[in-house]
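Working notes, beginning with the structure itself.
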Amino acid sequence: MEGLDKPDFNRQQTTSMKPSDTLPDLAIEWRHDSAPVPYRAAMAEQEARNAAIAAGEARELIWLLEHPPVYTAGTSAATAELLDPRFEVVETGRGGRYTYHGPGQRVGYVLLDLSRRGRDVRRFVHALEGWVIATLAGFGVEAWAVPERIGIWTRDIDGSEAKIGAIGVRVRKWVTMHGFAVNLDPDLAHFSGIVPCGVADFGVTSLARLGLAIGAEEWDGALRAAAGDFLAALEAPE
């Protein structure tokens, strides 16, 4: 983060990439953390980075990480959907309802300047969904978004529809925050303390439950490989 003090989160690596051929002058910082990052610390750094990007003092950021077990509440969270607060509960400014984060779940925080990318929040959310869906497809997992239900969905081992990823974003001064979370191999029992994203009629699954042993490094690499199409989708009208 340029021009700002930041805590040391024992980062595995920090790299940059050009977001697209059409925007050769911009560079996105990619950050990969291997050790779990406390949720409140990550949220504080997002807030600072958001302000720095908006002020033109820092590059855009895509940050891939995991958290210690935590329940987070979006702006539409209903108290009745917090069934068993066995972990810390943190209120956030993102959209959506209650979500669980924990080891084995890979979180992607996406801080992009939409003032330079079309100023279309709906397009950003759809592109984010498409990015996760395309990455899952690369591992042979068919997934989809459902307009009336938040998140990314697939078929569980019994054939029922189940949630494998969460989407939640916030936009401030046209700079995005938060992003997505995908279940690689979390403890699925931890989701029972909430009604995930307010959807009680469907279960939660993971790549491990579907028989796929995908580690964080492999998942991050696949996301990066699919990032070009995601960024291009932000520039193209729907």
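The values are calculated or read from the model by the stated rules, or taken from the named source; none is laboratory data. In this text, all values refer to a predicted model and were calculated from it rather than measured experimentally. Reconstructed Cβ throughout: ideal geometry from the backbone, glycine too, with neighbour counts over all protein chains shown. Side chains are part of the model used for accessible areas, which takes the heavy atoms of the whole protein and leaves out ligands, DNA and RNA. Shrake-Rupley method; radii C 1.70, N 1.55, O 1.52, S 1.80 Å.
Of the residues making up the stretch 88-109, those that are modelled with pLDDT of 95 or more and open to solvent by 30 Å² or more (accessible area, probe 1.4 Å) number 1.
Kindly establish whether THR75 is surrounded by fewer than 22 Cβ atoms within 10 Å (Cβ to Cβ), of a type in the set (S, T, N, Q) and farther than 18 Å from ALA181 by Cβ. Here the answer is no, as THR75 does not meet what is asked.
Per the conditions (1) of a type in the set (D, E, K, R); (2) closer than 22 Å to GLY95 by Cβ; (3) buried (at least 16 other Cβ atoms within 10 Å of the Cβ), the sole criterion not satisfied by ASP201 is (3). If the condition is being open to solvent by less than 30 Å² (accessible area, probe 1.4 Å), modelled with pLDDT of 95 or more and farther than 19 Å from LYS163 by Cα, then the stretch 110-129 contributes VAL110, LEU111, LEU112, ASP113, LEU114, PHE124. For LYS163, the conditions (1) charged (D, E, K, R); (2) surrounded by fewer than 23 Cβ atoms within 10 Å (Cβ to Cβ); (3) in contact with a helix residue (DSSP H, G or I) (Cβ under 7 Å, 6 or more places away or on another chain) all hold with the exception of (2). If I filter the stretch 101-111 for residues that are touching a Lys or Arg at 6+ places or on another chain (Cβ under 9 Å) and in contact (Cβ under 8 Å) with a residue 24 or more places away in the chain, do I get at least one hit? Scanning the stretch 101-111 turns up at least one residue that is touching a Lys or Arg at 6+ places or on another chain (Cβ under 9 Å) and in contact (Cβ under 8 Å) with a residue 24 or more places away in the chain. Beta carbons closer than 7 Å, at least 6 apart along the sequence or on distinct chains, pair a first residue in the stretch 135-163 that is within 14 Å of PHE202 (Cα to Cα) with a second that is outside any loop (DSSP other than H, G, I, E, B) and of a type in the set (S, T, N, Q) for ALA162/THR154. Residues in the stretch 93-109: is at least one out of contact with any strand residue (DSSP E or B) (no Cβ under 9 Å at 6 or more places or on another chain) and in a loop (DSSP other than H, G, I, E, B)? For the stretch 93-109, residues out of contact with any strand residue (DSSP E or B) (no Cβ under 9 Å at 6 or more places or on another chain) and in a loop (DSSP other than H, G, I, E, B): present.
In this structure, is ALA208 over 16 Å from LEU136 (Cα atoms) and either open to solvent by less than 30 Å² (accessible area, probe 1.4 Å) or not polar (S, T, N, Q) (or both)? Spelling it out, it is not the case that ALA208 is over 16 Å from LEU136 (Cα atoms) and either open to solvent by less than 30 Å² (accessible area, probe 1.4 Å) or not polar (S, T, N, Q) (or both). Scanning the stretch 166-179 for residues being within 13 Å of THR72 (Cβ to Cβ), of a type outside the set (A, V, I, L, M) and open to solvent by less than 50 Å² (accessible area, probe 1.4 Å) gives a total of 3. Note on the stretch 218-238: among residues that are charged (D, E, K, R), surrounded by fewer than 19 Cβ atoms within 10 Å (Cβ to Cβ) and in contact (Cβ under 8 Å) with a residue 24 or more places away in the chain, the one that is farthest from SER160 (Cα to Cα) is GLU235.
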